[in-house]
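Asker: There's a structure below that I have some questions on.
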């Protein structure tokens, strides 16, 4: 099955789609333990990107067709707009107008590399006196986001 299979306009089986995502993730990333339960794909594991000092336990949760929710479980990190982390400890990994998430997007290809990139930028933030060196959206975080679930630090 290729991602083109999910590119058509016809209905698809959400469970099958999540199982396909799971298979691709496990093939590419052996540090993640993935399960599909109640039409939610959940992957957890510990990652330490090259040249990073910390080991980060991460969790990825995905409902078919929606952008995955990614969370840093450990170490405990104080959420802040400055580091692109929401109050619930989930990460802001991309700017939706630049790329709309849909069933054709593969988690292994986008989300997991973005988590590694976020960790690298977070560690750079810590050693650079609180300056975020990663890319930011033109508006960074919208007022709606701030009011909904972002700490305004």
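Bear in mind these aren't lab numbers, they're just calculated from the coordinates by the rules spelled out. This one's a predicted model, so the numbers in the text were calculated from it and none came from an experiment. Cβ: placed from backbone, ideal geometry, glycine included. Neighbour counts: every protein chain shown.
Asker: If you rank 85, 99 by fewest surrounding Cβ atoms within 10 Å, what's the result? Working shown, then result.
Answerer: On the way: 85 21, 99 11.
With the sparsest Cβ surroundings first, the list reads 99, 85.
Asker: Then there is this: Just to verify a number: FRET efficiency for residue 128 and residue 99, C-beta to C-beta distance, R0 = 30 Å, to 0.05?
Answerer: It comes out at approximately 0.65.
Asker: Mind jotting down the distance between the C-alpha centroids of segment 76-123 and segment 9-59, whole Å?
Answerer: Spelled out, the Cα-based centre of one part sits 14 Å from the other.
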